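Okay, structure first, notes after.
The values are calculated or read from the model by the stated rules, or taken from the named source; none is laboratory data. Everything numeric here is computed off the predicted structure, so don't read it as measured data. Note that we place each Cβ from the backbone using ideal geometry, even for glycine, and neighbour counts take in every protein chain shown. These accessible areas exclude ligands, DNA and RNA; they are computed on the full protein's heavy atoms, side chains included. Shrake-Rupley method; radii C 1.70, N 1.55, O 1.52, S 1.80 Å.
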Amino acid sequence: MTTTSNGVIELTKHREDYLAEHAVSGLKALGFYLHIPFCVRKCNYCDFVSFPGQGQDIIDSYVDRLCGDIGAAGKQYGKDYHVDTFFLGGGTPSLLTPAQLGRVLKAVNEAFLCGCEFAAQCGAGLGKCDGLEVTLESNPGTFDKDKLREYISLGINRLSMGVQSLDDGVLKRLGRIHDSEMALKAMRTAKALDLNYNVDLMLGIPGQTLAIWEDTLKRVLAEEPKHVSFYSLQLEMGTPFYRDFKDGRLTLPEWSENRAMYHRTLEILREAGYKHYEISNAALPGYECKHNLKYWTMQDYLGLGMAAHSFLGGRRCFTTSDLKEYLAGHAVPEWEETDEYSLKTDFVFTELRLIDGFSKQTYQTMFGSDFEDDFAPAYQKLLKEGLMEEQNGFVRLTASGLDQTNPVMEALLNV
Amino acid sequence: MKDHQQYIRNFCIIAHIDHGKSTLADRLLENTGSVAKRDMKEQFLDNMDLERERGITIKLQTSRLVYNAKDGNEYIFNLIDTPGHVDFNYEVSRSLAACEGAVLIVDATQGVEAQTLANVYLALDEDLEIVPVINKIDLASARPEEAKQEIEDVIGLDASDAPLISAKEGINIEGVLEAIVEKVPAPSGDPEAPLKALIFDSYYDNYKGVVIYTRVFDGALKAGDKIKMMNTGAVYDVTEVGVNAPYQTPVRELSAGDVGYVCASIKQVRDARVGDTITLADRPAKEHLPGYKKVQPMVYCGIYPTPDEKYENVKDCLEKLQVNDAAFVFEPETSQALGYGFRCGFLGLLHMEIIVERLEREFDLEIITTSPSVIYKVVMHDGSEVMIENPSNLPNPTEYDHIEEPMVKATIMLPKDYVGSIMALCQDRRGNMTHMEYITEDRVALHYDMPLNEVIYDFFDALKSKTRGYGSLDYEFDRYERSQLVKLDILLNKEPVDAFSMIVHESKAYGRARFVCEKLKEVIPMHQFEVPIQAAIGQKVIARETVKAYRKDVLAKCYGGDISRKKKLLEKQKEGKKRMRQFGTVEVPQEAFTAVLKYDDNK
């Protein structure tokens, strides 16, 4: 690791010690992310790096390039890591044909030891180890039972579905390619194959009322997904929604209504037996997304493909968002400068997303300094305002803190 | 010695932008074997990337070619390429003064243009022999006979035997070479007389110092000579003299009639100003060559580092550019909104754009440029005069008697179909037509008396747009004139942002105010609170827009790729806001500064 100050050397040592404790047979655990930047059509709110309506030839050459990158990454990191979570995100990765997906997964399996913490002993591999989480993001309308069955045989054991809503008016406004019937069918298909699946939902959408939202949520829960993500719609610059709202052509539900939807969600989920574990995520016990948890607990992850981000050895890097540049093979990951301050704020910024928060002891172990010392006086002020709380050595957001994550983070990040 | 001069031809090429000047220059080099085909980049003489990209020549490049003519003699051609834009008129006039002849290229599809005409008149002022050439005859729309007729009608030159060529296709290049031998007079001048050499260009070289391009009129010049600049009085020791053939090649001496380069360990281009006369320190000429003048900037703007850029970096780069550009000036200034920066002076808008682009591309600087402004003359109650280059420095209206603004004489040439819309445009820009003439049946020249501040505000873009690119413009400074001018201030969230202040004519204030507010509304992103955008004259608000509030209290999604980006959005003054500038509580993207200047086609 390149150091930017003495603080970082010291810091890295602490962090490496921490990770070594969790390493098995000398191999550290690695989350593996692959970005598939293709979709059928761009939704009205979407600012992800994704290219609609690309031909199979483009997707094929993308997969070629990706496999090359996976091989190269294996040479660079394969000695130190075993892959224990795997996530194909997008875009719409379910646009990949089983053959394309097969090539990608094979490349990963060849480049890295894949499996749970005992992988080093049993030499597992994709599709052979239950402890290995392999998620594919998908959209209703892009797969059927046969395709899903093939995906499963290739090693996919978790499906994340962009359902967003079960109200056809809302779906249309969002610019989704599917209607509620297709969404229900998609969930039932996954369920019929006994596949662990997550449903992505969106609240605070133009034209959506609390009643519409509740109806969507309850009908989704009736399909018994293991995991639910519920996002408050964000207007991102450059999207049709942003422009329409700014020009007065689009009205969002009042902020109080948006929060009411969120609060009601938490109640309904709790009643249904789900555990709310991250700001926008809940799961049946034991079905939390292991891969996503890595993002929120400072674990190492490697992202390949265009616009993918990595966090390795305390440093972050990202790859170009330019498709042409990526396909031409000119994409060189760009490493960000890291210093002690930014690692500490990364920690707070990510771990506070967890409903249980983080342990002050972990902070102490990882950085060799005290959280309260580092974040006073902002932390004291937030405690007083009732936006944060502390219990049994754990620091977390309060219920009202969850409604104001941005102001809370802003206070902590600018100490 | 007379033999030496007999076989020299010093000439330049006059053409409108895009009419093929650089292409013809390349063909001449190629056809005389001066540059091997494989070494040819597209347009050899335009050696700045920027020039090649824009298809215009900014800096002069001189080349020496050897041509074996049909008469059996070997001729030395000194081709002095000239810039093709109104901003660089003075440089053009000095390079013309170094020649005996000029090749006039007229595009067979377009005819004579305003800029060409302006340069032809400059050439005639210098008594040059004009050699007309009709280019682009390979194009289907070529009308060579009409082009010839235009040359005869408009300029009064006999164009009957003008070579018909295609520089692009290499057709009849020999015809041009022969016409130069025949028509351009050989140089005269006394090689034994005291040295008189004209500086017509100079540039800074990291190893050699300033390299001067010169035309020797009398006497001779060699390495070891002690030279004196007759206008600035500075004295230097010559370290090298040579010719561009087309790469720099040292020679023993340059004598009367020759064109070449001189190095003398000079540190700044401003110490070897274009138009100055070089003589020998110990045997000086009695008087210098005519025509020297120190060029003055006409247009000013502020250049500021972005929050991520260092002031010192910007200063270093401005200094580096100045070493190479005697016409570019700058001095430190401070803006409440933008902090420490520089007020920079340019010959014109193109000159400004070039400098800004070079700062961004060659030097990789992150800068903000403010609205360009002309220099206003503020006459105080006691009769004293203050020159204002920055609108925010305009004194309080109670403190001065009146303001005067620079006026220019503008010539616009265009196809007659567009006369109506351009007259409307000029009228809208407070222009007074002095006269109008038909150059040919289809082409018209409009002569206007116009405020410079209207010309620098997107006039050229509007002209090009309304004439589909066929209109051309030339202007020169005429005088200062009293005018009803007011200062327009822009307020964001009730706070004035000095960098947006501008001086406008009273009659235009409302229109501009509305336009700027609308543009800013488009580019300023939504904040957690409503952002009022106001335009005011003094205390009086004359236009207002509001950027809606968008409440963003929660961050719903945060996965691997979001962490750095979203965290930085919450961290004040960090990257992520790179292209943003904070004014009070309002974030303004950099593009806002240029957006308020852009010509709006829909208006």
Semi-axes of the equivalent ellipsoid for the protein assembly as shown, Cα gyration tensor, largest first, Å
66, 34, 29
Size of electric dipole in chain B: Cβ of Lys, Arg +1 and of Asp, Glu -1, about Cα centre, debye, nearest 20:
2480
Report the Cα centroid-to-centroid distance between the range A:279-323 and the range A:358-407 in angstrom, as an integer.
23
Set A:246/B:508; B:521/B:567; B:466/B:487; B:267/B:293; B:310/B:568, cut-off 24 Å on Cα-Cα distance; pairs above it are A:246/B:508; B:521/B:567; B:466/B:487
Once fully extended, how much extra length lies between residue B:149 and residue B:124, figured as 0.36 nm per residue of separation less the alpha-carbon to alpha-carbon distance?
7.1 nm
On a C-alpha basis, how far is the centre of the range B:337-413 from the centre of the range B:290-314 in Å? Whole number, if you could?
10
For the range A:130-207, what does the convex hull of the Cα positions come to per residue, in cubic angstrom?
79
Longest principal axis of chain B (C-alpha) makes with the long axis of helix B:509-523 (C-alpha) an angle, in degrees to the nearest 10, of 80
Expressed as a whole-number percentage, the relative contact order of chain B with C-alpha contacts under 8 angstrom and at least six residues apart is 9
Quick one: which of B:365-377, B:408-420 comes out on top by average Cβ neighbours within 10 Å, and what's the full order, highest first?
B:365-377, B:408-420
Connecting C-alpha atoms closer than 10 Å in a GNM of chain A, tell me which of A:290, A:384, A:344 has the biggest fluctuation.
A:384
Treating only Lys and Arg (+1) and Asp and Glu (-1) as charged, each at its beta carbon, one finds that the range A:340-415 has a dipole about its Cα centre, in Debye to the nearest 20, of 100
Any idea of the accessible area per residue across chain B, 1.4 Å probe, to the nearest Å²?
42
Most fluctuating residue given options A:75, A:42, A:294, as computed from a GNM of chain A linking Cα atoms under 10 Å:
A:75
Pop the C-beta distance of residue B:423 and residue B:510 into the FRET formula with R0 = 25 Å and round what comes out to the nearest 0.05.
0.65
Ranked by how many other beta carbons lie within 10 Å on average, peptides A:274-280, B:308-314, B:270-276 from highest
B:270-276, A:274-280, B:308-314
Straight-line reach only, C-alpha to C-alpha below 17 angstrom: list the lysines that residue B:286 could link to, leaving out same-chain residues fewer than 8 apart.
B:196, B:226, B:228
Karplus 3J(HN,Hα) series, Hz, for the range A:116-124 with 6.51 cos²θ - 1.76 cosθ + 1.60 (x for Gly, Pro):
6, 5, 9, 3, 4, 7, 9, x, 2
Using only atoms on other chains, find how many Cβ atoms lie within 10 Å of each Cβ of peptide A:228-237 and report the average.
3
Which values of log₁₀ I(q)/I(0), to two decimal places, follow from the Debye formula for chain B at q = 0.12 Å⁻¹ with a uniform point scatterer at every Cα?
-1.25
Within 10 Å of each Cβ in peptide A:344-351, how many partner chain Cβ atoms are there on average? Round it to a whole number, please.
3
With the dipole of chain B defined by +1 on each Lys or Arg Cβ and -1 on each Asp or Glu Cβ, the option from B:421, B:436, B:159 whose Cα lies farthest towards the positive pole is B:421
Once you put a point 7 Å from the Cα of residue B:282 and another 7 Å from the Cα of residue B:479, both along the Cβ direction, what distance in nm separates them?
5.2
Max mean-square fluctuation residue, GNM over chain A, Cα-Cα springs under 10 Å, options A:41, A:243, A:176
A:243
Listing of the range A:244-258 residues, each with accessible area lower by at least 20 Å² in the full protein assembly than in the chain alone (probe 1.4 Å)
A:245, A:246, A:255
Sequence-distant residues sharing a close amide H with residue A:231 (under 5 Å, placed H):
A:201, A:202, A:203
What lysines could a cross-link reach from residue A:191, if we take a straight Cα to Cα line under 30 Å and drop same-chain neighbours fewer than 8 places away?
A:42, A:106, A:128, A:145, A:147, A:172, A:218, A:226, A:275, A:290, A:294, B:557
Peptides ranked, highest mean first, by Cβ atoms within 10 Å: ranges B:382-394, A:124-136:
A:124-136, B:382-394
Relative contact order [Cα under 8 Å, 6+ residues apart], the range A:340-415, whole percent
33
Apply 1/(1 + (r/R0)^6) to the Cβ-Cβ distance of residue B:495 and residue B:562, taking R0 = 22 Å, and write down the FRET efficiency to the nearest 0.05.
0.10
Just by accessible area at a 1.4 angstrom probe, what is the order of A:255, A:296, A:335 from largest to smallest?
A:335, A:255, A:296
Here, residue A:383 and residue A:150, labelled 7 Å along Cα→Cβ, have an inter-label distance in nm of 5.8
Before anything else, pin down the relative contact order of the range B:447-583: Cα pairs under 8 Å, at least 6 apart, normalised by residue count, whole percent.
17
Rounded to a whole number, the mean other protein chain Cβ count within 10 angstrom for residues of A:400-408 is 3
Mind giving me the FRET efficiency for residue A:270 and residue B:540? R0 is 35 Å, r the Cβ-Cβ distance, nearest 0.05 is fine.
0.05
What is the distance, in nm, between label points placed 7 Å from the Cα along the Cα-to-Cβ direction at residue B:193 and at residue A:219?
9.9
Dipole size in debye (nearest 20) for the protein assembly as shown around its Cα centre, Lys and Arg Cβ +1, Asp and Glu Cβ -1?
2560
Please report how far the C-alpha centroid of the range B:444-489 lies from that of the range A:176-228, rounded to the nearest whole angstrom.
62
